[in-house]
Amino acid sequence: MQRIQRLDLPLATQQALDRKQANADAKRAAGGLNVEATWKAARQTKPIKTALGVLQTMAGKRQRCMYCGDSHGADIEHFRPKRHHPDRMFRWLNLLLCCTECGRLKGDSFPMADGMPLMVDPTAENPWQFLDFDPATGNIVARFDPATNDWTRKGTEIVKVLQLDGREAMAAGLQQTHRRLMGRVESALKDSPPDAITLAQALREADDHGLLGWYFSGSGQHEKPFASLRKNHPDVWQRLAGTIQSKNGS
Ligand SMILES: [Zn+2]
């Protein structure tokens, strides 16, 4: 999972979505909104197809699912499920791209606590604040927060809902990407000092799963070659962290 920069929709598309939302709101007020049928019909229209295209651009050239980072991002996902939040069915900020499996697992789930979502929206927050990667198993798990001496609630919930700690194919893919990224840093460390721009490019190209944020803002900074890079070349580390955080990982 990686932090994703949300792009703006073309103005005409944004306005068309606003009109669709206003129509849906009016129907709902009159007691006659069929959420599934309305979405199914809208799904075939140009504004929604355009929105899907922008989501695919946001997801990067691999067009991976914004939740698991592993499978193809097949369709539009409503962060707040449309069945329970029909007032956000056509709201751009509520739309993400996800794979069939994540869509199926999430369904209408949307755990909340004290009025705050416990799901992670990768276009609004850095997922690695809440999540951790376990190189030994390839699983994505909740991040342990020493400040509260507990695992983050958001991390715990999203891992449970999307079963991020029990998807074998995803875990194998993440482990492979992890090994590849470690290898890129190991080779760069043979040059002294490593070139930050070349390394940033090599890392982005090798990051099939949106794992880079874990090394630069999560516990991945303790993995051996990354720890050596940070210790021995702090300026290169800083420059890399800056470029990696500011761009989509792919
Ligand atoms: Zn997925």
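The values are calculated or read from the model by the stated rules, or taken from the named source; none is laboratory data. Everything numeric here is computed off the predicted structure, so don't read it as measured data. We place every Cβ from the backbone using ideal geometry, glycine too, and count neighbours over all the protein chains shown.
Laid out as a table, the results:
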| item | result |
| --- | --- |
| Segment 61-76: number of residues that are within 9 Å of the ligand (Cβ to nearest atom), of a type outside the set (K, R) and either in contact (Cβ under 8 Å) with a residue 40 or more places away in the chain or not in a loop (DSSP other than H, G, I, E, B) (or both) | 7 |
| Given (1) modelled with pLDDT under 95; (2) over 26 Å from K61 (Cβ atoms); (3) outside any loop (DSSP other than H, G, I, E, B), index of the condition L240 fails | (2) |
| Where R204 falls short, out of the listed (1) of a type in the set (D, E, K, R); (2) assigned to a helix (DSSP H, G or I); (3) farther than 17 Å from R3 by Cα | (3) |
| Answer residue from segment 83-106, given it is more than 18 Å from K154 (Cβ to Cβ), within 16 Å of the ligand (Cβ to nearest atom) and not basic (K, R) and is surrounded by the fewest Cβ atoms within 10 Å (Cβ to Cβ) among those | T100 |
| Identity of the residue in segment 35-54, within 17 Å of P10 (Cα to Cα) and touching an Asp or Glu at 6+ places or on another chain (Cβ under 9 Å), that ends up nearest to the ligand (Cβ to nearest atom) | L52 |
| Qualifying residue in segment 189-197 (condition: without any contact (Cβ under 8 Å) to a residue 12 or more places away in the chain and under 28 Å from I76 (Cβ atoms)) | no |
| Hey, P127 closer than 15 Å to Y215 by Cα and either within 15 Å of the chain's Cα centre (by Cα) or within 16 Å of the ligand (Cβ to nearest atom) (or both) or not | yes |
| Neighbours by Cβ (under 9 Å, 6+ apart or cross-chain): first from segment 24-53, free of Cβ contacts under 8 Å to residues at least 40 places away in the same chain; second surrounded by 13 or more Cβ atoms within 10 Å (Cβ to Cβ) and among the acidic types (D, E) | R43/D75 |
| Near pairs, Cβ below 7 angstrom, 6+ apart or cross-chain, from segment 120-132 (within 15 Å of I244 (Cα to Cα)) to any residue that is among the aromatic types (F, W, Y) | W128/W214 |
| Whichever residue in segment 135-169 is without any contact (Cβ under 8 Å) to a residue 12 or more places away in the chain and in a strand (DSSP E or B) and, among such residues, is surrounded by the fewest Cβ atoms within 10 Å (Cβ to Cβ) | D150 |
| Residues located in segment 20-59, provided they are among the hydroxyl-bearing types (S, T, Y) and either surrounded by 16 or more Cβ atoms within 10 Å (Cβ to Cβ) or more than 20 Å from the chain's Cα centre (by Cα) (or both) | T38, T45, T50 |
| Unique match (being in a loop (DSSP other than H, G, I, E, B) and in contact with a Ser or Thr (Cβ under 8 Å, 6 or more places away or on another chain)) among L7, L33 | L7 |
| Residue in segment 69-78 that is surrounded by 16 or more Cβ atoms within 10 Å (Cβ to Cβ) and either of a type in the set (K, R) or in contact with a Pro (Cβ under 8 Å, 6 or more places away or on another chain) (or both) present | no |
| Options L97, L55, L105: the member that is closer than 27 Å to A172 by Cβ and not in a helix (DSSP H, G or I) | L97 |
